[in-house]
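Report on one structure; see the data block that follows.
FYI, it's all coordinate maths here, none of it is from the lab. Remember, predicted model here, so these are calculated numbers, not experimental data. Cβ placement follows ideal geometry from the backbone for every residue including glycine, while neighbour counts extend to all protein chains displayed.
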Amino acid sequence: MFLQIEKCGLNCYRIPRQGEMKVEARVYLNEFLYENYLEEESLEQLCDAASLPGVYRYVIGMPDIHSGYGLPIGGVMAMEVPDGLISAGAVGMDINCGVRLLRTNIGVQDLDKKDLEKLLREIAARVPTGIGKTSKHQADLGRHFAEIVESGFPVLLELGYARPEDRRFVEEEGFFPGANLSKVSNKARKRGNQLSTIGGGNHFIELGEVAEIFDRENAALFGLTRGSLSVLIHTGSRGFGHQICVDYSSIMEKSAKRYGLKLPSRGLAAVPIESPEGKDYFAAMSAAINFAFANRQIITHDVREAFGAYFDCRDTELDLGVVYDVAHNIAKFEEVEGRELLIHRKGATRALPPQHRGNPSAYRSSGHPVFIPGSMGTSSYIIVATPKVVETFYSVNHGAGRVMSRREARRQFDVEMLREQLGPIVFYGDRERNILDEAPQAYKDIDAVVDTLAEIGIIKKVARLSPLAVVKGGKGGRRGRR
DNA sequence: ATGTAC
C-alpha cells in the first residue's frame, strides 16, 4: 500500500481514508520522531485497523508507535457499541500489562550503592524475574486462584497481600467484574502459577529518585517529594494472559469467517462485540486483567516486605503507598463525548482529565497520574492529562517505544555497551547478554516521546524519576549481578 | 510479551 500522510497540526499527522479504510488514521509525532523513527509498517497496521467494520472516528498512533502483531504497539482503536468488533490481537499478548508506582519517605541521599544492592537483593529474593518463573506463594495463591481472578481485591486483602486503601489507587479499582474462569482454557489456567512474578522483556522493578518536579501542586497531591526514593513496578498477566490471547486469536480467526468478516491481517482477527465468542473473550480477558492487577498487588506486598526486612521496621513506616496503577494493554467499555465505545489500547495508557468521574476521589481535581517509563537506564515520567486528551479517547503513550526488534538489538549490541550505558545504576537479574534486547539504544528517546504530547497540551509533566537500581529478568540463564 | 512447538 502506498500511504498518503499529511500534517494536521502541531505534532500530528493524518492518513486520509483510502482503500478499505472506514475511517482515517492519525499519529502523534514531533518532527524528530517523524524524521527518525516513523516506519511504514506501523502506519499500515493503523490503516488495517481503520478498515475494520464498526471502527470509530479514527485509529490513533501514539508517539511511541512501533509495529506489532495486528495493531501496532502505541495503537488505540475505538469500536462502536454494540455494532463494532472486539479483537484479542488489538489488546496484545500481555493483557493488562501495566505500571504501578510506590512512593517512599526515604531520602536517596541516605542510600549508597551498597544499600541499593542489598535492597535489590531483598526484593529479588521475594519476586521471581525472567521468562517462565513461577510464584513463591503458590501454596497460598493456588488455592484461591479462581477467587482472585474472578473477585479480585477482597481475597488479596484477606490473605494479607494488600492494605485496605491500595485498591482506591488502581485503575478501575483493580477489578473487572465480568471475569469468568470457565472461559479460560486449561492450558492458560496451568500458567496461572506465574502469579506474583515479574517476567522478562521490558518488565522490571526499578528503584528511582524523584529527581525533578515540574508541577508542584500535583506532585504534592501524589505524595511525591524531590529527592525521595520511588519504586516502579512494570509487569502484566504473564503466561496466563499470553495463553488467553493466543487461544482467542485463533478462535476469532475461525469465527470471523462465519460472521462474513474480511480480516485485514491475522493479528487483527476480530468478532462482533455481542457475539458468543466476543463475550467469551471479554470474560477471559477480564480474568487476565484481574490477574495482572493482582500480580502487581502481590509484588507490591513482596516489595514492602523486602523494604521492611532491609530497614528493619514495619513497611508502613516507610510509606510505600500506591501512587497509582495504570494498564496499557487492555480493552474497556468507556464513554467518550456521551458515546459508549469499546476502546482497545495496545501499548497505550488510559489518562483521564481533571474532574472526570473515573478518577479516584483523591485525584479528582488533578486527574490520575500516568507513568511513562523510559528504557532501562533512562528517566521515567509522571504526567497528568488535560481536557484536550478527549481527542485521543483519553489515551496517552505508554513508554519510549522500540526502534528495533529484540532480535536486531541482540545482534547489534554487546555487554560492554550495556554496562557503559547503565553506569552507576545497580542492576540485579539475568546476565547482561540475556537482556541486550532491552538496551536503551533499542528504544526511542523518552524525552522526545513525552514532549510530543506535552507540546500540544494533551499532557502535563508532573515529575521525572531517575533510575538508581533495577531488577530485571531475561530469557533465562544463570543469575548474575552488577 | 511468551515454558520462541502439536
Margin query: I need the full set of residues from the range A:256-291 which are within 16 Å of DNA strand B (Cβ to nearest atom) and under 10 Å from A:A88 (Cα atoms), in order please.
Written below: A:G267, A:L268, A:A269, A:M285
Check: Among the residues of the range A:106-113, is any buried (at least 16 other Cβ atoms within 10 Å of the Cβ) and out of contact with any strand residue (DSSP E or B) (no Cβ under 8 Å at 6 or more places or on another chain)?
Finding: no
Checklist line | Hey, A:L224 within 30 Å of A:G377 (Cβ to Cβ), in contact (Cβ under 8 Å) with a residue 60 or more places away in the chain, among the hydrophobic types (A, V, I, L, M, F, W, C) and away from DNA strand B (no atom under 16 Å from the Cβ) or not | finding: yes
Margin query: What are the pairs with Cβ atoms under 7 angstrom where one residue, in the range A:426-441, is closer than 19 Å to A:G399 by Cβ and the other, located anywhere, is assigned to a helix (DSSP H, G or I) and more than 13 Å from DNA strand B (Cβ to nearest atom)? Sequence gap at least six, or different chains.
Written below: A:L436/A:L418; A:A439/A:M417; A:A439/A:L418; A:A439/A:Q421; A:P440/A:Q421
Item checked: In the range A:179-214, the residues that are more than 9 Å from DNA strand B (Cβ to nearest atom), buried (at least 21 other Cβ atoms within 10 Å of the Cβ) and in a strand (DSSP E or B) -> A:I205, A:E206, A:L207, A:G208, A:V210
Check: Does A:E253 fit the bill of being within 16 Å of DNA strand B (Cβ to nearest atom) and closer than 21 Å to A:D325 by Cβ?
Finding: no
Next item on the list: Could you check the range A:366-482 for strands (runs of 3 or more DSSP E) lying wholly inside it with 1 or more residues that are more than 21 Å from A:A211 (Cα to Cα), in contact with a Lys or Arg (Cβ under 9 Å, 6 or more places away or on another chain) and of a type in the set (S, T, Y)?
Entry: A:395-397, A:426-430
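Grab the helices (runs of 4 or more DSSP H) fully contained in the range A:119-177, keeping just those with 3 or more residues being crowded, with 21+ Cβ neighbours inside 10 Å and touching a Pro at 6+ places or on another chain (Cβ under 8 Å). Give the derivation first.
Values: elements: A:138-143, A:145-151, A:153-158.
Ranges flagged: none.
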Checklist line | Unmet requirement for A:S182, which otherwise passes all of (1) within 18 Å of A:F293 (Cβ to Cβ); (2) more than 22 Å from the chain's Cα centre (by Cα); (3) small (G, A, S) | finding: (1)
Item checked: Subset of the range A:132-182 (residues that are out of contact with any Ser or Thr (no Cβ under 7 Å at 6 or more places or on another chain), touching a residue at least 12 places away in the same chain (Cβ under 8 Å), of a type in the set (G, A, S) and over 29 Å from A:E277 (Cα atoms)) -> A:G160, A:A162
